[in-house]
Amino acid sequence: MKVRISDDALALACGADIVAAGFKKAGVVVERVSSWGMHWLEPLVEFDGVGYGPVCVDDVAMIIDGRAQSIGRIEDHPFIARQSRLTFARAGKTRPTSLDDYYATEGWIGLAKAREIGAAATIDVVLESGLRGRGGAGFPAGIKWKTVASAVAEQKYIVCNADEGDSGTFADRMVMEGDPFMLIEGMAIAGFAVGASMGYVYIRSEYPHAIAKMEAAIRLSAHLIAPFVIEVRVGAGAYVCGEETSLLNSIEGKRGEVRAKPPLPALEGLFGKPTVVNNVLTLATVPWILAHGGDTYAAFGAGRSKGTMPIQLAGNVKYGGLFEVAFGITLGELVNEIGGSTASGRPVRCVQVGGPLGAYIPPSQFDLPFDYEAFAAADALIGHAGITVFDDTVEMAQMARFAMEFCAFESCGKCTPCRLGSTRGVETIDQIIAGKNVDANLALITDLAETMKYGSLCALGGFTPYPVMSAIKHFPEDFR
Amino acid sequence: MTSIDDILIEHHDQEGPLLPILHDVQKAFGHVSEDAMRQIAETLNLTRAEVYGVVSFYHDLRMEVETRPVLKLCRSEACKARGVEALVPLAESQSRVKVETVYCLGLCSVGPAAMVGDQVHARLNQDRFSALMAAI
C-alpha cells in the first residue's frame, strides 16, 4: 500500500508530517508530493487516486482499513475538474525534486523546443502567447524579452522575482515547493532567448521550504540547463523588495530602495546590465507555452488577457486554495461558487483582490470579470491574483488604517509621498475613527491619496490609495 | 565554530555578496554586531555606514542579541480576515516569547499562521496558539 501526502509548507503547517509518520508506522509507503491546492482538505491523503482530508493521525487506521469517508477521486473533485491547469498541471501528482517525475510529465520539452527553434523564434512564441507579467503590472513578457535580447552587452541577467509578499497570494510558493524544475526550465528558456548566462531567484526569507526545494532542484538540474547558471538569493523581510528595482538593489547588496525609471531594468538592470525581471508564475508558464505553442496558450482567456491565471482564494473563504482558470471568469463565481463563500458562514462583506495594495470590492461588483482591463476600469487591480475574502464582521475603517500602517512600515523611505504620506494617513484615519472633523479629514485623506498615487516612485506608495479609497467609497458608513 | 573570516572567505567570489554574508553572520552569531559590520565593511571595501545602512534597512537583520525564543505571527489581511487579531492579546500578555509581527507567510487560506524557526503552524485558535507558545 502506498499513499501520497504533500510536503509543501501549507501541508506541513496543517500537520502533514505527523500524518505521514502515522502511515509509515503502520507499514505504509508514503510518497511526498506537491499539493493539489485544495487547502481546506490539507493534510490531504491520496490512496489509489482517492482523496481523504483533512486527515489527522487518528484517521490513519480507518483509511488503511478502507472504513474512512473519502472525497472520491481527487481528479474528479469539482474544485479540480473546473480548472484549466496549465502552469499547475503537475500539482499533486509529482514529487517536487524528482527528475524522473519531471521527465515523465513533459519536463524539459519546452527547453528542448527553444533550443531547436532558436532564440528569436522562442521570443516570437512567447509574444504570440500574449503572456503578460504575472507579478501584477501585466506587462507583456515577450516585449520585455525582446528588449533585453536586442540590448548589446557582454553580460545579461535573468532575475526571477520570488518575493511574494502580498497577503492572499501563495502561487509562487506552490510553484517553488511543488514544481521547482518548471521554474528552472522557464528561467533557462528566458536565458537562452535573450542571451543571458546567469540567473538569480530572489526568494523571500519567510519561505524557508521554497528556498530549500529550489536549491536542491538547482543542484540536481545544473547539467541540464548549462551553460546557464542559477543562484538563489534570500531576501531579508522587506516587502518593498518585491518591486523590481528595489529587488535588484537588494541582490547587489544595497538597501532595498526603489530606483527611478528610466533607465528600464531591461536595459540597465542588475549591476547595470540588461536584465529580464519576471515573476515566478510568468517564468513557470513559459515551458508549457514552448511545449504546446503560443497560439494554444492564447486560445485561453479573454480580450487582451490571454491564457490562464492561477487564482488564489484566501482569507475567510470556505474552500480556499489554488484555482487556475482562463481569464474572464467573474469574481462572484470565484468567491461564491468555487470558494463556497465564507468559512465563518457569515455573509461576505467584501473581497480584497491583488494583495495589500489592491482595492476592496463589495458583492455588488461581483459581476466583474477577472481580466486586467476590466479591473483597471473599475479602479481595481488583479495584481498577483490573490482574493482575500472578508465576512461582515470586518471593520473597513480599520482595514483602511492598516493599509496606511503597512505602507509606513514597509516604505523604503526614498520618496516623500510614500514615506510621510503613509504616516500622515494613519494619523488622519485615526482622527476619522475617533469622530473628529470627519468631513474635513475625509477630504484630507482623499487629497493625500491623490498625492501618493501620482507622486510616489513605485507601487507601494502609489497603490496604497486603492485599498484606502475603495474602503471609503464602498463602505462610507464605516467612516461615520 | 564558524568565524566571520570563514564566512567572508566563503563568499569571496560572489557577485553582490553583502546580503548573503549578513544572513550567514546572523545565522552563526544570532545578530550582526558592530565589530562584524566593521570587519565586513573593510573586506568588501565599503564604509561602515554603508553596511550599517543595509543592516538597519532589513527587518530580518538585528544588531542586538535576542535571547528569548522568537515566534513570527502573521497579521496580514488574510490572517486578519481569519481572526488573528483575537490572538494578539494573548501574545502581548506574556514576555517569555518574543512575538514578532510578520506580513504574510503564504498560508493565507489556512490562517491564522505563525512561524517558529523554519517550522510553520496554521489554523491557530486560542488553544492551539497557547499550546504553541508554551511549547517553544
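Here are the numbers for the structure shown:
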| read-out | value |
| --- | --- |
| Label-reachable residues, the range A:1-42, where backbone N falls under 13 Å from a point 7 Å from A:ASP48's Cα toward its Cβ | A:1-3 |
| Protein-protein interface of the range A:382-419, residues with accessible area decrease of at least 50 Å², isolated chain reference, 1.4 Å probe | A:PHE402, A:PHE409 |
| Protein accessible area in the range B:4-57, 1.4 Å probe - carbon and sulfur % | 48 percent |
| Cα centroid separation, the range A:109-157 to the range B:1-47 (Å) | 36 Å |
| Once the Cα gyration tensor of the range A:256-350 is diagonalised, semi-axes √(5λ) in Å | 34, 21, 11 |
| Accessible area buried, both sides summed, chains A and B with 1.4 Å probe, Å² | 3700 Å² |
| Paired Rg and Dmax values of the range A:2-81, which use every Cα atom, in angstrom | 11.2, 33 |
| Computed E for A:LEU444/B:ASN45 - FRET, C-beta separation, R0 51 angstrom, nearest 0.05 | 0.60 |
| Computed over the range A:185-328, Cα set: Rg, Dmax in Å | 16.8, 47 |
| Value of [θ]222 nm, deg cm²/dmol, for the protein assembly as shown, DSSP H segments ≥ 4, -39500 (n - 2.57) each, nearest 500 | -12000 deg cm²/dmol |
| Cα-based equivalent ellipsoid of chain B: semi-axis lengths in Å, sorted from largest, via gyration tensor | 35, 15, 13 |
| Proximal charge balance of A:ALA299 [Cβ under 12 Å; K/R count +1, D/E count -1] | -1 |
| Ellipsoid semi-axes in whole angstrom, largest first, where each is sqrt(5λ) of the Cα gyration tensor of the range A:292-410 | 26, 17, 12 |
| Accessible surface, chain B, averaged per residue in Å² (probe 1.4 Å) | 48 Å² |
| Residues along the range A:254-283 losing 50 Å² or more of accessible surface when the other protein chains are present rather than the chain by itself (probe 1.4 Å) | A:ARG255 |
| Rounded to 5, the percent of DSSP beta bridges in the range A:101-298 classed as antiparallel | 5 percent |
| Filtered trypsin sites (Lys or Arg not before Pro), the range A:217-321: DSSP coil and at most 13 other beta carbons within 10 Å | A:ARG304 |
| Prolate/oblate/rounded call for the range A:144-189, Cα gyration tensor, a/c under 1.5 rounded | prolate |
| Isotropic mean projected area of the C-alpha convex hull, the protein assembly as shown (nm²) | 27.0 nm² |
| Fraction of beta bridges assigned by DSSP in chain A that are antiparallel (%, nearest 5) | 50 percent |
| Surface/4 of the Cα convex hull for the range B:70-135, nm² | 3.7 nm² |
| Peptide B:69-80, shielding by other chains (average Cβ, 10 Å cutoff) | 6 |
| Within the accessible area of the range A:326-480 (1.4 Å probe), percent carbon and sulfur | 52 percent |
| Label-reachable residues, the range B:14-36, where backbone N falls under 13 Å from a point 7 Å from B:ASP5's Cα toward its Cβ | none |
| Inter-site label distance for A:THR105 and A:MET1 at 7 Å from Cα along Cβ, in nm | 2.5 nm |
| Accessible area per residue, Å², chain A with all protein chains present, probe 1.4 Å | 35 Å² |
| Whole-angstrom gap from the range A:351-388 to the range B:56-70, using each part's C-alpha centre | 36 Å |
| Minimum 50 Å² accessible area buried by the other protein chains, the range B:96-136 residues, probe 1.4 Å, relative to alone | B:TYR103, B:CYS104, B:GLY106, B:CYS108, B:SER109, B:VAL120, B:ARG123 |
| Extension reserve of the A:ALA434-A:SER364 stretch, reckoned as 0.36 nm per residue once the Cα distance is removed | 22.3 nm |
| Percent accessible area from carbon and sulfur atoms, the range A:101-298, protein chains only, probe 1.4 Å | 59 percent |
| Cα coordinate range in the range B:4-57, projected on the principal axes (Å, largest first) | 24, 23, 17 |
| The range A:101-298: translational diffusion in µm²/s, Stokes-Einstein, Kirkwood Rh over Cα pairs, 25 °C, 0.890 mPa s | 150 µm²/s |
| Shape metrics for the range A:178-257, restricted to C-alpha atoms - Rg then Dmax, Å | 12.9, 35 |
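The values are calculated or read from the model by the stated rules, or taken from the named source; none is laboratory data. Quantities reported herein were computed from a predicted structural model and do not represent experimental measurements. Counting neighbours? That spans all protein chains shown, and the Cβs are built from the backbone with ideal geometry, glycine included. SASA here: full protein model, heavy atoms, side chains in, ligands and nucleic acids out. Shrake-Rupley method; radii C 1.70, N 1.55, O 1.52, S 1.80 Å.
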